[in-house]
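The values are calculated or read from the model by the stated rules, or taken from the named source; none is laboratory data. Everything numeric in this text was worked out from a predicted model, so none of it was measured. No Cβ is skipped: glycine too gets one built from the backbone with ideal geometry, and neighbour counts run over all protein chains shown. To get the accessible areas, we keep the full protein, side chains included, count just its heavy atoms, and leave off ligands, DNA and RNA. Shrake-Rupley method; radii C 1.70, N 1.55, O 1.52, S 1.80 Å.
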Amino acid sequence: MSSADLVPVTPRDEALDILRLVAADAPVATLAPYLRSLMTHDHEQAFAIMRGSGNAMSASLQLLTLLEDRGLITMEEVFAAEEARLATGDARGA
């Protein structure tokens, strides 16, 4: 394979890969490195406040929120991935 055959990976491409992981209900351990790499101190504080007020977000939803906040995915993609993740979880429970 020559260097001309290589397709550069862009943040959007990586975000879509992560989106597919979330939609497939990937384990938190798989998502954690991405979550840590995107999390800022401000995000940590916001998520902690949400947890403290009883409005905690799942790790997958936090990750989707961080990707959307950076403009790498759209809110529509967030909703679609979360719906797919929930459907996958429902199918596993059946």
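Which pairs turn up if I take residues in the range 5-16 that are closer than 13 Å to Arg70 by Cβ and at pLDDT 90 or above and look for partners that are assigned to a helix (DSSP H, G or I) and open to solvent by less than 60 Å² (accessible area, probe 1.4 Å) with beta carbon separation below 6 Å, at least 6 apart in sequence or on another chain?
Correct list of pairs: Ala15/Leu67.
For the range 69-78, which residues satisfy the criterion of being in a helix (DSSP H, G or I), over 14 Å from Met57 (Cβ atoms) and within 11 Å of the chain's Cα centre (by Cα)?
Glu77
Quick one: in the range 22-71, of everything that is among the β-branched types (Val, Ile, Thr) and under 21 Å from Thr88 (Cα atoms), which residue is least open to solvent (accessible area, probe 1.4 Å)?
Among residues in the range 22-71 that are among the β-branched types (Val, Ile, Thr) and under 21 Å from Thr88 (Cα atoms), the one least open to solvent (accessible area, probe 1.4 Å) is Val22.
Among the residues of the range 72-89, count how many are open to solvent by less than 60 Å² (accessible area, probe 1.4 Å) and not polar (S, T, N, Q).
11
For the structure I just gave you, tell me whether Leu64 is at pLDDT 90 or above and part of a helix (DSSP H, G or I).
Against the criterion (at pLDDT 90 or above and part of a helix (DSSP H, G or I)), Leu64 qualifies.
Quick check: is even one residue across the range 39-47 in a loop (DSSP other than H, G, I, E, B) and either basic (Lys, Arg) or out of contact with any Ser or Thr (no Cβ under 7 Å at 6 or more places or on another chain) (or both)?
Within the range 39-47, one or more residues are in a loop (DSSP other than H, G, I, E, B) and either basic (Lys, Arg) or out of contact with any Ser or Thr (no Cβ under 7 Å at 6 or more places or on another chain) (or both).
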